[in-house]
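Student: Pasting a structure here, questions to come.
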Amino acid sequence: MIPEYSPRTSETTRTRCHYGQAAEPNQNRCGLLSEIKTPIKNELFTDHYTIIPGKELGRGKFAVVRKCVEKCTGREYAAKFMRKRRKGQDCRLEIIHEVAVLELATASQRVVNLHQVYEMAAEMVLVLQFAAGGEIFNQCVAERDEAFKEEDVKRLMRQILEGVSFLHRNNMVHLDLKPQNILLTSDALLGDIKIVDFGLSRMVSSNQELREIMGTPEYVAPEILNYEPISTATDMWSIGVLAYVMLTGISPFLGEDKQETFLNISQINISYQEEELEHVDQAAITFIKALLIKEPQNRATAEECLQHQWLQPKEKKQAEATTAVKETTSPTKCPSEPVSPESPIREEEKEGPVTEELIVVAAYTLGQCRQSTDKEVINPDQKAISKRFKFEEPFSALQEVPGEFIY
């Protein structure tokens, strides 16, 4: 089912929360936090910060992010200016929720730090840690010789999963994980990642069922499109798409328009035969397949992904391989077990990670992949270009929140 989206009806039907018990005191009916500890300053922002001319870091429909310098310390920050009223509606509570999430994530080094909050008549300003390396999007869409190497992707993916795992342990889902919302701390060497933009994030719990149509089209999970319950597994689908994009520079489900994109997602129309994947470790493919599964309950969790074979350091892989060889060649074997000349090879295969084998069994693809059509097979270069460099902002008709700014 691909829903038809209408701005007229979205305001009243985009969210439905079902409760078995009362919500937590700090949580309203739609998964938003409502209490913060950070003091809100009502002073003039420019009395304390100098906005750097021409240093606009990003812009959305209702927010803009500018680079600024704190006058008393000389430190650089990113100031996120957010309008409190959007299309005639008071959205201050959504801004408060974003502040509350950043407070909750203070203990995670993979989430951008909140420094201060200012409030003026028409807008609020979130003063955030400045990430000099910018979005990972820039390297995702770079030419392949300038793009991320697989080892880079593995290191950054481990860090992304550490941040997402922290959020999920605290019953928080991001719901807009994409290259534009993953920043790098350094622009000289490849820095560490910082997850940003919690404007769509929600609290989830066993006491409520949360359904919303929200997110960026190319990254939304099937359950979003089907208006089914949101869970931490919804983020894990986006992680699978993100891994594919980081490795190839290609958006796997992108269609000619949003409806085709949604259809590709609903039918899991994805190709693992792209030229860009030819030299990628097969373990990376099993990693992605463990996430791009239609049923949310069958997707790997963030913790399970961190233990996946693909993300293990080379030293650990070599140690495991050595151990496997020793166990294979060990003279001690149960006498009752039949031994054939091929036993050592088969035994080595059986000693491989069980989780990887389960991943292969659980992963599946529905429908015929777009990439197998005659039109695209004739001209593979054109196909790659058509899928690259097009990453859309979150659904504007349903959730008027900034999608293009990077914080």
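Student: With unit charges on the beta carbon (Lys/Arg positive, Asp/Glu negative), name the residue among 114, 89, 104 whose Cα is farthest towards the positive pole of the charge dipole of segment 85-125.
Tutor: The listed residue farthest towards the positive side: 89.
Student: Take the Cα pairs of segment 33-133, get the Kirkwood Rh, then feed it into Stokes-Einstein at 25 °C and 0.890 mPa s and tell me D in µm²/s. Please report the intermediate quantities before stating the final value.
Tutor: Details: Rh = 14.0 Å.
My calculation gives 175 µm²/s for D.
Student: Which whole-Hz couplings ³J(HN,Hα) result when phi for each residue of segment 48-62 is put into the Karplus expression 6.51 cos²θ - 1.76 cosθ + 1.60, θ = phi - 60°, listed in order with x for Gly and Pro?
Tutor: 10, 9, 9, 7, 6, x, x, 9, 6, 8, x, 8, x, 5, 10
Student: Further, regarding this structure: What does the charge dipole of segment 175-297 about its Cα centre add up to, to the nearest 20 debye, if the Cβ of each Lys and Arg holds +1 and the Cβ of each Asp and Glu holds -1?
Tutor: Numbers: 7 positive and 19 negative charges, 76 e Å.
Once rounded to the nearest 20, the dipole reads 360 debye.
Student: Next question. State the Cα centre-to-centre distance between segment 222-290 and segment 94-153 in whole Å.
Tutor: Here the answer is 23 Å between Cα centres.
Student: Given Cα pairs under 8 Å that are at least 6 residues apart, what percent is the relative contact order of segment 204-265?
Tutor: Numbers: 66 pairs, mean separation 18.5, N = 62.
Computed over segment 204-265, the figure is 30 percent.
Student: Moving to a separate point now. Out of 185, 208, 238, whose Cα points farthest toward the positive end of the dipole of segment 130-288 (charges: +1 Lys, Arg; -1 Asp, Glu; placed on Cβ)?
Tutor: Value: 208.
Student: Using the Cα atoms of segment 54-201, I'd like the radius of gyration and the largest Cα-Cα distance, Dmax, both in angstrom.
Tutor: For segment 54-201, the Cα radius of gyration and maximum Cα-Cα distance read 15.7, 48 Å.
Student: Percent relative contact order of segment 129-224, based on C-alpha pairs within less than 8 angstrom and at least six residues apart?
Tutor: Values: 115 pairs, mean separation 30.8, N = 96.
Computed value for segment 129-224: 32 percent relative contact order.
Student: Sticking with this one: List, in order, the whole-Hz ³J(HN,Hα) value for each residue of segment 111-121 obtained from phi through the Karplus relation with A = 6.51, B = -1.76, C = 1.60 and θ = phi - 60°; use x for Gly and Pro.
Tutor: Going residue by residue, I get 10, 4, 8, 9, 9, 8, 10, 10, 9, 10, 4 Hz, with x marking Gly and Pro.
Student: Give the span of segment 63-121's Cα atoms along each principal axis, as three whole-Å numbers ordered largest to smallest.
Tutor: Ordered largest first, segment 63-121 gives principal extents of 37, 26, 15 Å.
Student: How compact is segment 208-265 by the rule of thumb for globular proteins, expressed as Cα Rg over 2.2 N^0.38 Å? Let's see the in-between values first.
Tutor: Working: Rg = 11.6 Å, N = 58, 2.2 N^0.38 = 10.3 Å.
With N residues counted in segment 208-265, Rg over 2.2 N^0.38 Å equals 1.13.
Student: About the Cα centre, and with charges only on the beta carbon of Lys, Arg (+1) and Asp, Glu (-1), how big is the dipole of segment 16-162? Nearest 20 debye, please.
Tutor: On the way: 24 positive and 21 negative charges, 94 e Å.
Dipole of segment 16-162, to the nearest 20 debye: 460 debye.
Read-outs: derived from the displayed coordinates by stated rules, not from any lab. Please read these numbers as outputs of a predicted model, since none were measured by experiment. Counting neighbours? That spans all protein chains shown, and the Cβs are built from the backbone with ideal geometry, glycine included.
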